[in-house]
Amino acid sequence: MGLLDRTKKTAAKNCADEAANGRQQTSHDDKSARLDDLRLRVHERLIEEIGQDILYGDVPEEKTKRAIAATLDSLMEENNVVILKAEKDRLIEELCNEVLGLGPIEPLVRDDEITEIMVNGPDRVYVERNGKIELTDRKFRDDEHVHRIIEKIVSPLGRRIDESSPMVDARLGDGSRVNAIIPPLSLNGPTITIRKFSKDPLQVDDLISFGTFTRDIAAFIEACVRARLNCIVSGGTGSGKTTTLNVLSSFIQDTDRIVTIEDAAELQLRQEHVVTLESRPPNMEGKGEVTIRDLVRNCLRMRPDRIIVGEVRGGEALDMLQAMNTGHDGSLTTGHANSPRDILSRLETMVLMAGMNLPLRAIREQISSAIDLIVHQERMRDGKRRLTYVTEVVGMENDIITLQDIFIFKKTGVDDNGNILGEFKSTGIVPKFVERFKTAGIKLPLSMFHTFGEM
């Protein structure tokens with residue numbers, strides 16, 4: 001066979017292969033389109049027969065599952081559609097997720113390894129797993145499909161999202177935090193961000209095993225909480241501040257009356273005497289808003305032993321500092337910052353946001369007398385969260401708030417897999433508030449501060 005004949009034969013084979021692949025792809029696309037059409041018809045008929053309540057979980061789960069299976073069988077018989085059992089089972093599962101859960105992202109919500117879900121429009125869904133972000137194969141049908149899932153999340157909470165109010169903060173039933181934003185503000189289409197929280201709150205031993213801090217640091221922080229020191233957890237977005245705040249709050253005695261204040265209730269306290277307060281956005285007429293600051297003021301009349309503010313980000317900082325300075329010791333909160341020094345600067349700015357024309361020195365005196373301990377946390381490049389500073393607020397020196405680090409995380413390098421190497425170290429400084437440990441009947445080995453004996 002000559003070169004020309006071989007070339008023709010090869011070209012003919014390639015054309016045949018391409019045609020076969022094209023037919024296979026067309027067949028696959030046709031089947032996918034038929035399944036999508038069947039899924040949509042089942043959904044429409046369920047709404048017709050049961051009503052809109054089925055979309056918002058107001059119909060019992062078992063009844064919904066039976067209705068989905070029966071409706072699918074009925075439509076398949078009416079339209080003379082035959083599909084494999086595996087395809088039918090998958091279709092029923094997807095419909096259950098759509099009706100009972102959050103549609104295409106419901107399996108991601110149930111996956112305990114995933115800590116964050118990010119929907120960037122209908123075609124791109126990302127997750128954070130083990131501290132790393134990855135693209136998934138999950139997809140929505142269109143923008144309207146994403147919008148319906150957002151409505152399903154926010155409607156039971158009495159919140160809304162539309163063109164006049166295109167952003168919303170909400171939560172799932174397990175406490176996971178949800179933020180949604182829609183066009184015209186989001187150019188990618190409706191966008192959802194879900195910060196997941198463990199169904200069983202992480203305990204101090206979990207964070208020790210994750211390498212967030214050491215057992216000595218955990219014992220020290222527990223002593224600070226039990227001795228009713230005012231603590232603030234600082235860090236960047238996604239650094240694990242709320243998780244650490246949960247662990248700190250677990251050290252509070254069961255006999256204390258705790259009032260928590262949050263934008264969206266996320267804290268998972270196990271104590272019995274807990275009152276949970278949640279802020280409220282304005283209604284369609286722009287009225288009825290209840291801010292974090294309103295709740296902080298109100299909780300002072302509720303006879304709290306401990307006040308826990310999920311996050312300070314505005315004028316409520318002034319009311320919180322005043323509460324700490326007027327007998328509400330042992331209060332806890334979080335704030336966004338890049339370092340312990342930075343959180344003090346941010347607190348100054350937030351106090352000024354309250355509209356009070358206070359001198360800077362007066363603000364700093366309020367902060368230095370209110371805050372006893374700063375716990376700073378970082379999310380590192382390898383995805384791990386670590387406490388990088390445990391810092392005491394000592395007081396004022398001239399016009400500057402003085403700090404001293406008690407424990408630090410010292411980075412030493414990066415291994416071949418990109419993991420950050422380092423170790424937790426004591427600075428050798430014994431905090432000035434150790435006397436409060438003694439009066440609270442708390443004993444800590446001074447060896448954790450590189451000294452000897454016992455307090």
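FYI, it's all coordinate maths here, none of it is from the lab. What you see is a predicted model, and the numbers here were worked out from it, not measured in a lab. A quick note on method: Cβ atoms are made from the backbone with ideal geometry, for glycine too, and the neighbour counts reach across all protein chains shown.
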When the Cα centres of region 352-384 and region 139-198 are compared, how far apart do they sit, in Å? 31 Å
Using the Kirkwood radius over Cα pairs, work out the Stokes-Einstein diffusion coefficient for region 102-199 at 37 °C and 0.692 mPa s, in µm²/s as a whole number. 245 µm²/s
Could you sort 280-287, 157-164 so that the peptide with the highest average Cβ count within 10 Å comes first and the rest follow in order? 157-164, 280-287
Work out, step by step, the length gained on full extension between GLU93 and ALA354: first 0.36 nm times the residue separation, then minus their alpha carbon distance; give nm to one decimal. 88.9 nm
Please compute P(r) over all alpha-carbon pairs of region 204-449, binned at 5 Å starting from zero, and give each bin as a whole-number percent. 1, 6, 13, 18, 20, 17, 13, 7, 3, 2, 1, 0, 0
Highest mean packing first, using Cβ neighbours within 10 angstrom, the peptides 223-230, 417-424 sort as 223-230, 417-424
Running Debye on the chain with equal point scatterers at the Cα sites and no solvent, what base-10 log of I(q)/I(0) appears at q = 0.09, 0.10, 0.11, 0.14 Å⁻¹? -0.72, -0.84, -0.96, -1.34
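Can you tell me the order of 165-177, 430-442 when each peptide is scored by its average per-residue count of other Cβ atoms within 10 angstrom, highest first?
Output ranking for 165-177, 430-442: 165-177, 430-442.
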Approximate spin-label separation ILE181-ILE208, in nm, with each point projected 7 Å along Cα-to-Cβ: 4.1 nm
The simple spin-label model distance between VAL109 and ALA70, using points 7 Å out along Cα→Cβ, in nm, is 2.5 nm
Under the 7 Å Cα-to-Cβ spin-label approximation, GLU435 and ARG257 lie apart by a distance in nanometres of 3.1 nm
Of LYS384/LYS425; LYS132/LYS196; LYS384/LYS432; LYS85/LYS139, which sit over 20 Å apart, Cα to Cα? LYS384/LYS432; LYS85/LYS139
Could you size up the charge dipole of the chain around its Cα centre, putting +1 on the beta carbon of Lys and Arg and -1 on that of Asp and Glu, and report it in debye to the nearest 20? 980 debye
Can you find, among GLY383, GLY355, THR402, the residue farthest towards the positive end of the dipole of the chain? Put +1 on the C-beta of Lys and Arg, -1 on that of Asp and Glu. THR402
Please list, in order along region 216-229, the HN-Hα scalar couplings obtained from phi with the Karplus expression 6.51 cos²θ - 1.76 cosθ + 1.60 (θ = phi - 60°), rounded to whole Hz, x for Gly and Pro. 4, 5, 4, 5, 5, 5, 4, 4, 4, 5, 5, 7, 6, 7
For the chain, take the longest principal axis of its alpha carbons; what is the angle in degrees between that and the long axis of helix 85-100, to the nearest 10 within 0 to 90? 40 degrees
